[in-house]
């Protein structure tokens, strides 16, 4: 039986890594991506002649085209990663985030609802974030934790989760939702912390750290996250939420120090490579922390890649793929955005 599956946002960081995993697991992947600034054909260039891969340039809000793709390929499901994801950009332009992450998602759900008459075994998995829970100053947030998003980005993702919950309840849509902690690894856009640090090290630039650098994040290697997504898609219970995290919290400052230490093994650091504390992000959450016992116990999933090994693999990928950066607009890498003027 041919295992067709649709991945939306597959030109992005997590999406492209997920596609690699799915192909290894003998899925035929249809990648739907509208090709925004954070999309990158470099991420899938190795799949150009792969017979298990098809790219379709399309917004998830294009209902007619998405429906035609569904009818043509009759997939087992959709894994939805199409989203605007950068907090600073959401501060700069909140409306764009709600359009992409909420209104276009509704279009995709409506098409899915229509398509279900053709395929009763279909599943829809929505990839969300730990940021919907807001600051978790003590303990770790479970799937029942109250949503308290701090940024327009987090609010748009919280909205998407609630919308999907309503479609599950009202329309009996066969959906699952995953909420993951901070990802890192190959192919991540250098507007995000870890690839930004690596880019600056490789380009003899100061390393900007927001505020005092004590903000704590739970870090997970992207390959581990993708394995968690696939586990939920294949074995998760329809209608339920699953946190996917590493249970490892590290401050932004400590992450920067770790990457600097790793980079010294492979290159000689130039004089400008030093940590520079900069004005903090507006509304910057102090700590995210997930309780992932549900997926650990019920689906027998756990992380495999330790943080130091994962950071080294990540550094080496960028070091060995310097041409990756040429596929991006340099302004999107170096310009600071999201400060309230």
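Cβ-Cβ distance of residue 64 and residue 268, R₀ of 51 Å, FRET efficiency by 1/(1 + (r/R0)^6): the value works out to about 0.40. The range 76-143 and the range 175-216 have their alpha-carbon centroids 21 Å apart.
Mind checking the angle between helix 193-202 and the chain's longest principal axis? C-alpha axes, 0 to 90 degrees, to the nearest 10. Orientation of helix 193-202: about 50 degrees from the principal axis.
Averaging the Cα positions of each part gives two centres, and for the range 259-310 and the range 1-56 these lie 25 Å apart. From the Cα gyration tensor of the chain, with a ≥ b ≥ c the square roots of its eigenvalues, which class applies: rounded if a/c is under 1.5, or else prolate if a/b is larger than b/c, or else oblate? Since a/c reaches 1.5 and a/b is larger than b/c, the shape of the chain is classed as prolate. For the chain, the mean residue ellipticity at 222 nm estimated from helices alone is -11000 deg cm²/dmol, where every DSSP H run of n ≥ 4 contributes -39500 (n - 2.57) and the total is divided by all residues, rounded to the nearest 500. Between the helical axis of 152-171 and the longest alpha-carbon principal axis of the chain there is an angle of about 20 degrees.
Each of the peptides 75-87, 242-254, 34-46 was scored by the mean count of other Cβ atoms within 10 Å over its residues; in descending order, highest first, they stand as 75-87, 242-254, 34-46. Computed from the C-beta positions of residue 322 and residue 238, the FRET efficiency with R₀ = 56 Å rounds to 0.80. Quick check: from the Cα gyration tensor, does the range 172-307 come out rounded (a/c under 1.5), prolate or oblate? Cα axes put the range 172-307 in the prolate bin. Distance between the 7 Å Cα→Cβ label points at residue 24 and residue 46: 1.0 nm. Simple spin-label estimate for residue 57 and residue 121 gives 3.4 nm between the two label positions (7 Å along the Cα-to-Cβ direction from each Cα).
Taking a ≥ b ≥ c as the square roots of the eigenvalues of the alpha carbon gyration tensor, the range 283-338 is oblate, as a/c is not under 1.5 and a/b does not beat b/c. Counting only DSSP beta bridges with both residues in the range 190-341, the antiparallel share comes to about 40 percent.
Distance between the 7 Å Cα→Cβ label points at residue 148 and residue 297: 2.5 nm. Compute the acute angle (0 to 90°) between the alpha-carbon long axis of helix 104-115 and the principal axis of greatest extent of the alpha-carbon atoms of the chain; round to the nearest 10°. That helix lies at roughly 30 degrees to the long axis.
Within the chain, antiparallel bridges make up roughly 10 percent of the DSSP beta bridges whose residues both belong there.
Read-outs throughout are calculated quantities, based only on the coordinates presented, and are distinct from any laboratory measurement. From a predicted model like this one, the values you see are computed outputs, not experimental measurements. Positions of Cβ are backbone-derived with ideal geometry, glycine not excepted, and every protein chain shown enters the neighbour counts.
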